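Notes to accompany the following structure.
The values are calculated or read from the model by the stated rules, or taken from the named source; none is laboratory data. All values reported here derive from a predicted model rather than from experimental measurement. When we count neighbours, we look across all protein chains shown, and the Cβ atoms used for this are built from the backbone with ideal geometry, even at glycine. We work out accessible area using only protein heavy atoms, side chains counted, and drop any ligands, DNA or RNA first. Shrake-Rupley method; radii C 1.70, N 1.55, O 1.52, S 1.80 Å.
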Amino acid sequence: MIAAATLSLSQFHERAGCGVDREMAEDEEFETFIRNYQNMVFSVSARILGNLTDAEDITQEVFIKAYERFRQLRNSHAIGGWLKTVATNLSINHLNRYRARWRFFSEEGAPVEIAAPETEKENNRQEMLELAIRKLPDAQRVSLVLFHFQDMSYEEIAAKLGVSLAKVKTDIHRGRETLKQLITR
Amino acid sequence: MSDPNKDWLDAELKNLRDLEAPETLLPRVMKTVRQQARKAWWVRLIDPRTDLCRSFMLGVSLLVLGLFLMVSPAQFFSDVPVLPALLKLIPLLLGIAGTVLFQVKIYHFSVLTLLIPAIVLSYVFLIFAASTIQRLAGVRK
């Protein structure tokens, strides 16, 4: 009887140990998963939002959503696409939620100004372009990013943002012109 | 044949590398994830659906309110013979509340007529205050 009880207790400990080990292994796997994809998700959010602090919040939200369905996602080949789509949707939702605030406080009509590079690091052309994208007005930046980085068509962008096709085309054109001016200056 | 609309900017944009995620991101996500994993299953189930739960509760409240208007609660409780004495107080209290709300007059207005705009105004004020705080917090961020 005692032997049986001891056996079942040891089995219990073994199983509990296995459970803890499995949880730790899953944690480690998820950590590796974040390391692999964090730059991509952060870039998508930062370019759409034009704000690194908000982008960090959105990236966190994306990975928490990914954790909720990690068991289905980890073996999927479409995981990168899924993360990009979620990051894009959450970033656009974030902008829409604060649209009134953005309109009120942003300088939509004002010309885009980028300070002259101060450090060696900022002197990098790619960083200048990255900074210029962030400084574009919301409408131009979001359309331009969806077009160039997410490979979406004009029609898809118009449907996603709920605006006319003509507005998408104009915004992308204006955004590109502003970027060219800033880079060639 | 090359696309005439494509120019050097396309090439520059295409060559842009991913941005470096902040170092604080990974610990933040793992902390939140571990906190979430420790929560009970039903909390995990409800947490992401807070808006849905709130709407459901609002719907139930409106239904109860509708039922109260259709079925007189005072009469309903007084008709049940086996209710304990304490519960028998309910129709009495409801009767008093009804009398106060409908029959007591302040400057020719019933208490209910004055109470409803006061509730609506305080609700509007609370929403306004909350959105102002949220906006200021966002701007500061």
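Going by the conditions given, is A:ARG35 within 9 Å of chain B (Cβ to nearest Cβ), surrounded by fewer than 22 Cβ atoms within 10 Å (Cβ to Cβ) and in contact with a helix residue (DSSP H, G or I) (Cβ under 9 Å, 6 or more places away or on another chain)? In short, yes.
Would the range A:105-117 turn up any residue that is open to solvent by less than 20 Å² (accessible area, probe 1.4 Å), modelled with pLDDT under 90 and within 11 Å of another protein chain (Cβ to nearest Cβ)? Within the range A:105-117, none of the residues are open to solvent by less than 20 Å² (accessible area, probe 1.4 Å), modelled with pLDDT under 90 and within 11 Å of another protein chain (Cβ to nearest Cβ). Here is the figure for the range B:14-50: residues that are more than 8 Å from chain A (Cβ to nearest Cβ), in a helix (DSSP H, G or I) and open to solvent by 80 Å² or more (accessible area, probe 1.4 Å) total 8. Being under 15 Å from B:LEU16 (Cα atoms), within 11 Å of chain B (Cβ to nearest Cβ) and modelled with pLDDT under 90 holds for only one residue in A:LEU182, A:LEU144, A:LEU129, and it is A:LEU129.
When residues in the range A:47-69 are screened for being surrounded by fewer than 17 Cβ atoms within 10 Å (Cβ to Cβ) and either in contact with a Cys (Cβ under 7 Å, 6 or more places away or on another chain) or hydrophobic (A, V, I, L, M, F, W, C) (or both), 2 of them pass.
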